[in-house]
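Peer 1: This is the structure I want to talk about, given as structure tokens.
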Amino acid sequence: MAASMWFYVQYVLVPYQQADAARHDRPRGNLSDLYPRWLGARELLLHHRDPYGPEVTREIQAGYYGRPLDPNRPGDPKDQQGFAYPVYVVFLLAPTVKLPYSLVLAGFRWLLVLLTAASVPFWLRAIRWCPPRSVLAILFLLTIGSFPAAQGIKLQQLSLLVSALIAVVAALLISGHLLLAGGLLALASIKPQLVFPLAGWFTLWTLGDLRQRWRFLAGFCLTLGVLLVAAERILPGWMGRFREAITAYNQYTGGGRSLLDVLLTPTAGKVVAAGLTVLVVWLAWQKRRAPADSPDFSFTLVTVLAATVVVIPMFAPYNQLLLLPAIFLLAHSSEALWQRNLGTRMVFVVAVVLLVWPWLATLALAIASAFLPSTSVQQAWAAPLYTSLAIPLGVLALLACLAAAPLHWHRSER
């Protein structure tokens, strides 16, 4: 199943996208999400140029798309690929700015593979599950062979780096290394929309026992403060430029839309997102005093991450790697869920079907490719993605079922 996913990406999805781009005269360059950040970092650190400026943006387009975008050409993408990150991301990329990008690209791709694989034991540590080696091997393979991981690795998406950092942070908290955990979470804030909801929960948890947990908040605030001051020093007024870049991004991409906005309507999506946020905040408040090595802490952690995937104003599949700890926790608690009642079993079956469908579809396409022309197989390129938007909702629904059976869940954790 994992191999079929990579077969699908490499020999079905990418060839279809290439053919579709050729039909619509759409440019294709390196298409690396790392490239805009790397080029912006290089221009800022080596040549003291504003990475948010229009000149650098056009140079980014020349590499990312193969040429600068032309607004008079209807086939050109709307995404301008500007430097829409906090400027302190350049500190993480600084060691690479003097290297040729081809070398950086190859190295970063393999780094993402290793980090994604390494995140698995850290997530398992965070939810206090030590599976047999055979199960651990399966989890490794299916994680690397999932569509979010494959997409993120192919695109060289920094979300995979952030996800791995969050996994390490969670494991460090469980182990009592609060100062280091806070510092690493601040580094992960290069993707603020993924980190700040979790930082809010961790802050509330810290305040639940400030005398014992103050080191986490100290590590986070100190590291973030250093990053902000250093960023202001190398590019004064960068926060305003960053806000402008985010505003421009939302305008030329049609506005930041959450998964709920896409599945419902923008208005209904925001209402549901607000309700979900209230519920998660209520859960976090109730569990703020839970010890870091307790089931309540693990459950709140995975719920906050799952809710983040649903409510943030983007719905790219690679962000769904943040669902990994929730999926692992649900797999570990599957017996308790199955024994609860008929309604829970129905939700369980639906959630499992949503999760497994992409692999079943890619496996079918891999088998079909042995008998059908590649062009015919490519026409079904969308089939593995049918459940993509529904997967986070299925995970949240199953977490709600687990929350309704705390006694059974706690027993399964022992």
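Peer 1: Return the inverse of the average 1/r over all pairs of distinct C-alpha atoms in the stretch 2-408, which is the Kirkwood hydrodynamic radius, in Å to one decimal. Walk me through the numbers on the way to the answer.
Peer 2: Details: mean 1/r = 0.0445 Å⁻¹.
For the stretch 2-408, the Kirkwood estimate is 22.5 Å.
Peer 1: Between Ala364 and Trp282, what is the label-to-label distance in nm when each label sits 7 Å out along the Cα-to-Cβ direction?
Peer 2: Distance between the two pseudo-spin positions: 4.0 nm.
Peer 1: First select every other residue whose beta carbon is under 15 angstrom from the beta carbon of Leu173; then total the charges, Lys and Arg +1, Asp and Glu -1.
Peer 2: Working: positive: Arg125, Arg128, Arg213, Arg215, Lys287, Arg288, Arg289; negative: Asp209, Asp293, Asp296.
Local net charge: +4.
Peer 1: For Trp338 and Arg211, what is the calculated FRET efficiency with R₀ set at 35 Å and r taken between the beta-carbons, to the nearest 0.05?
Peer 2: Values: r = 41 Å, r/R0 = 1.18.
Efficiency at R0 = 35 Å is approximately 0.25.
Peer 1: Please arrange Glu43, Glu335, Glu244 by counting, for each residue, the other beta carbons lying within 10 Å of its beta carbon, fewest first. Show your work: numbers first, answer last.
Peer 2: Details: Glu43 21, Glu335 10, Glu244 13.
Result, fewest neighbours first: Glu335, Glu244, Glu43.
Peer 1: Now, a different point. Sorted from fewest to most neighbouring beta carbons within 10 Å, what does the list Val56, Val278 look like? Could you put the intermediate results ahead of the total?
Peer 2: Numbers: Val56 21, Val278 10.
So the residues, fewest neighbours to most, are Val278, Val56.
Peer 1: Semi-axes of the stretch 119-238's equivalent ellipsoid from the Cα gyration tensor, sqrt of 5 times each eigenvalue, largest first, rounded to whole Å? The partial results should precede the final answer.
Peer 2: Values: eigenvalues 156, 91, 18 Å².
Result for the stretch 119-238: semi-axes of 28, 21, 10 Å.
Peer 1: How much length would be gained if the chain were fully extended between Val356 and Val229, taking 0.36 nm per residue of separation minus their Cα-Cα distance, in nm to one decimal?
Peer 2: Roughly 41.2 nm would be gained on extension.
Peer 1: Another question, if that's okay. For the stretch 209-216, take each phi angle, set θ = phi - 60°, evaluate the Karplus expression 6.51 cos²θ - 1.76 cosθ + 1.60, and give the result in whole Hz per residue in order, putting x for glycine and proline.
Peer 2: Values, residue by residue: 7, 4, 4, 8, 10, 4, 5, 5 Hz.
Peer 1: Sticking with this structure for a sec: Pairs of lysine in the chain with Cα under 25 Å and at least 8 positions apart or on different chains: total? Intermediate results must be reported in sequence, preceding the final value.
Peer 2: Details: Lys78/Lys154; Lys78/Lys191; Lys78/Lys270; Lys98/Lys154; Lys98/Lys191; Lys154/Lys191; Lys191/Lys270.
For the chain, the number of qualifying lysine pairs is 7.
Peer 1: While we're here: Once every Cα of the stretch 5-74 carries one equal point scatterer and solvent is ignored, give the base-10 log of I(q)/I(0) from the Debye formula at q = 0.28 Å⁻¹, two decimals.
Peer 2: Taking Cα atoms of the stretch 5-74 as identical point scatterers yields -1.18.
Peer 1: Same structure again: Which listed residue (Pro71, Leu173, His47) has the Cα farthest towards the positive end of the charge dipole for the stretch 37-185, taking +1 on Lys and Arg C-beta and -1 on Asp and Glu C-beta about the Cα centre?
Peer 2: Farthest towards the positive pole: Leu173.
Computed from the coordinates by the stated procedures, all read-outs in this text should not be read as laboratory data. None of these values were measured; they are calculated from a predicted model. Ideal geometry is used to build each Cβ from the backbone, glycine not excepted, and the neighbour counts take in all protein chains shown.
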